[in-house]
Every structure is written in C-alpha cells, then in structure tokens.
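So the structure is just underneath, and the comments pick up after that.
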Amino acid sequence: MGFNYLKTHKEKATLWIEIDHPPVNFLTTDILEELFILFKKIRKDDSIRVVILTGSRDDIYIMHFSIPELLLLHSHNKRLLMDKLVKYRMTGAFLAHIMTFTNWLMDHSSWYEGLMLTIAKRIRQYSSGMFLWFQMTRLYLAVERMNKVTIAALNGPCNGGGTELSACFDFRFMIDDQGFTIGQPECLVNIVPGGGGTQRLTRLIGRAKALEMMLRGNQLSPQEAKQIGLITDCFGKSEFKTKVQDFADLMSKRPPVGIDAIKACVYHGMNTTLRHGLSLELVQSVRCLDTRDTKMAMEEYIQYIDKHITNLKTDDMTAEEITGVVKQTTDDLENATIFKPFEGR
C-alpha cells in the first residue's frame, strides 16, 4: 500500500518513517490511520529492529493536531448524543466504562479491533469523533507495544498531538540549537490533551511536572525537557541524524525477544499492582530463558569470563587495573561484541 503522508527508508536494521504533510506537519486522522497500518506491518518484519519517526523536511516535526478536525468534533459528538451522556455523572461513567471494555476487547482480538475501526470509519462523515478516538488510541497503544525499539526524532517544534504521539515511543531525541520547543498547550484553547497526554505524560514525568506542563501550556526548551525526563537527549542539528542513527545501530544489536519481554513487563506492569507486575516479570523471564538467543549469549559470555576474568591474579593487580577489566567487560557487553548476531528465536 502506498502512503499519502508518510515516507520510509531503511538504514541497516532501522526503518525511518518521515511524516510529510506541508506546511508544518499538522497531525490528522488520515496520518494516524496510515501510521497504524504501517506499524502493524513493521511488527511482522523481523529484518527491522528499530523504528524512528521524524519529519520529512528540515526543521519540521509535528506542529500539533489539526484544529479544523478538532472543531468538527463539537457538532459531530452531538449527533451521537455524547454531549448529553457526559453531562451526568452516571451516564458519563457508563460511557467511560463502555469505552474501556471496548478497548479491552480490541486488545484481545485483532478481528474485533479491525471491525470497530471499520465501523467507526464508515460513520466518519456523520460523526468523526469515534473514528479519531479509536484510531488514535489503537495507534498509540500499537506504538507502545511494538516488539522493537522505537525512537521519536524531533527535528522541529512539537506540540499537542505531536507531544502525545512522541510520548508513546521508547526514546525521544530533539535538536537543541535551533530554538525548537516542545509543549502541551491544549488548555490554552480550553480542551484537554485528548490523545492520551493526561495519562502518558503523568506516567512519564510525574504528576507535578505533568500538571505544570499541561495547565501552564508553556513551551519547554530541549534542555528543560531533558531535565524533567520528557526527552532522552538532544543534539545539534548538524549531527542530529547521525547521533540518532548511531543510537539506533546500538539498539539494533539487542536481542529481539529480550526487547519485547522488557517492554511487556514495563508497559503492562506499570498499570497494575506490584504483585501482579512481578508475576508478569516471571512469565517473561521464563519466555526469554526458553530461546536459542539466551543459550547462545550465556554460553558466549561464560567463554568470555573464562578467558578474561576467571584466571586473573588480582593480588598482583592494582585497583585501577581491576576496574579497567570490569569496564572493558561491560563495554563489550553493551556493544554486543561478545555475541553472534541475535536471531529473535
């Protein structure tokens, strides 16, 4: 399938996805739909280990969500009587629980997910809100649950829906020498960050900082965003793509099953009790131990230890020399120079 708003290119085991929607990459429901289709395909492609989302043009990432589309929601929601439902506590709670249950069903049945998205799309001209909400929710969950490392490469200003989408990625990098900023300014036009911002930002940077960011609606510099944990790191424009690709190359050396298992523990475990989270961790531990990659890695590491560490005569070594051996070992582990390529099995 060809895409109207996305461009892709592959570098080694990394797939770059570029949003191309002039003039400033306003996010739209159609872009969300294309991203959802693409991420579903990527999930099944074992040759891709890392996914990077960025803007296709210099200095443009995602300005924010399309305001004309959001303005339509007022009249369209009335057609489904949703404005009436949310006015009362009981009916509002009923609507919330129905949507929660619907999402739960979609989590456990791809067939049902496809059915609901199809129905919502067919009534889009009558009431666009349901398709937008379903498409946005399912895409953002698909990004979070992706069985590969995901990176948002913010090569320009990022606001509103762009910030919410970026919060779903494992890592966020930003250009820091062009005056670009990141924000969540929905409050300034009297709406909530309705693409998961109230939930994901709170989990990402904590309640106090999330409330400050959303209620003030102010812009953060890359350095400020890094300080509160909103972005992972920031680089100058001239080296940005190289730095991001270098990081992606490093992540592509990680074992695929281990990546998927850790992400499953984190994303599912953080929304439950510690007791159940530990049980999820046990399940994923057993899963990882039952792979050829784990057997290979442990056998290779044992050989490395036998060669470089086991027979060390530490009595004849200085503390600095011992520390050097340990550091070399951890460096070799991080850069995966000890192991054969991981197969994901």
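Every number here is computed from the coordinates shown, using simple stated rules; none is lab data. As the structure is a computational prediction, the values presented were derived from the model and not from experiment. Here the Cβ is made from the backbone with ideal geometry for all residues, glycine too, and neighbour counts use every protein chain on show.
For the chain, the longest principal axis of the alpha carbon atoms and the long axis of helix 67-79 meet at an angle near 60°. Rounded to the nearest 10 degrees, the inclination of helix 207-216 to the longest alpha-carbon principal axis of the chain is 40 degrees.
The angle separating the long axis of helix 110-122 from the principal Cα axis of greatest extent in the chain is about 30 degrees. A crude spin-label estimate for the pair Glu343 and Lys253, with each label 7 Å from Cα along the Cβ direction, gives 2.1 nm. Full extension of the chain segment joining Ile262 with Asp331 gains 22.8 nm, where the gain is 0.36 nm per residue of separation less the Cα-Cα distance.
Provide the FRET efficiency to the nearest 0.05 for the His308-Lys121 pair, computing r from the beta carbons and using R0 = 56 Å. The computed FRET efficiency comes out at 0.45.
The calculated FRET efficiency for the pair Gln227 and Lys44, based on their C-beta separation and a Förster distance of 41 Å, comes to about 0.60. Between the listed residues Thr14, Gln245, Phe134, the Cα displaced farthest toward the positive end of the dipole of the chain, a dipole computed from Cβ unit charges relative to the Cα centre, is found at Phe134. In this rough spin-label picture, where each label sits 7 Å from Cα along the Cβ direction, the Val24-Ser279 distance is 4.9 nm. Of all stretches in the chain that contain no chymotrypsin sites (Phe, Trp or Tyr not before Pro) in a DSSP loop with at most 11 other Cβ atoms within 10 Å, the longest one is 127-345. Estimated from helices alone, the mean residue ellipticity of the chain at 222 nm is -17000 deg cm²/dmol (sum of -39500 (n - 2.57) over DSSP H runs with n ≥ 4, per residue). Under 30 Å of direct C-alpha separation, and excluding same-chain neighbours fewer than eight residues apart, Lys7 reaches these lysines: Lys40, Lys41, Lys44, Lys121, Lys148, Lys226, Lys237, Lys241, Lys243, Lys253, Lys263.
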